[in-house]
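The values are calculated or read from the model by the stated rules, or taken from the named source; none is laboratory data. Quick caveat: nothing in here was measured; it's all calculated off a predicted structure. Here the Cβ is made from the backbone with ideal geometry for all residues, glycine too, and neighbour counts use every protein chain on show.
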Amino acid sequence: LIYVVGGCTHDSRHRQDLMSYNPMTGEWNDLAPMLTPRSQMGIAVLDGYIYVVGGMNKNQDVLTTVERYSVDL
């Protein structure tokens with residue numbers, strides 16, 4: 001699976017989406033959204049979790065929070 005996390009749209013709207021894409025089936029699945037819409041964040045996978053670290057919010061404030069998601073890897 002490929003995971004897509006947050007980001008920013010062409011009109012500068014920050015996203016809180018967490019989605020998975022299965023390239024074998026072409027299927028997209030919406031997962032639990034992030035608590036904070038963000039872009040320019042760091043993302044890491046460790047021991048079955050996706051960690052979303054920092055980034056910027058819609059006001060261009062630097063975020064210092066971390067969100068963790070359990071996924072079947």
* Asked: So which residues in the range 53-62 are in contact with a strand residue (DSSP E or B) (Cβ under 9 Å, 6 or more places away or on another chain) and either modelled with pLDDT under 95 or within 15 Å of Cys8 (Cα to Cα) (or both)?
  -> Gly54, Gly55, Met56, Asn57, Lys58, Val62
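Say whether the condition of being exposed (fewer than 10 other Cβ atoms within 10 Å of the Cβ), at pLDDT 95 or above and assigned to a loop (DSSP other than H, G, I, E, B) is met by at least one residue in the range 1-23. Step through it out loud before you land on a result.
Looking only at the range 1-23, we keep the residues that are exposed (fewer than 10 other Cβ atoms within 10 Å of the Cβ), and these are 2, 9-12, 23.
Checking the rest, the ones that are also at pLDDT 95 or above come to 23.
Those still in the list that are assigned to a loop (DSSP other than H, G, I, E, B) too: 23.
Yes; the residues of the range 1-23 include at least one that is exposed (fewer than 10 other Cβ atoms within 10 Å of the Cβ), at pLDDT 95 or above and assigned to a loop (DSSP other than H, G, I, E, B).
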* Mind counting the residues in the range 43-72 that are over 16 Å from Met19 (Cα atoms) and out of contact with any Phe, Trp or Tyr (no Cβ under 7 Å at 6 or more places or on another chain)? => 15
* To do: Of the conditions (1) closer than 18 Å to Arg13 by Cα; (2) surrounded by 13 or more Cβ atoms within 10 Å (Cβ to Cβ); (3) at pLDDT below 95, Leu31 clears all except one; give me its number.
  => (1)
* Could you tell me whether Thr36 is touching a residue at least 12 places away in the same chain (Cβ under 8 Å) and either under 12 Å from Tyr3 (Cα atoms) or part of a loop (DSSP other than H, G, I, E, B) (or both)? => yes
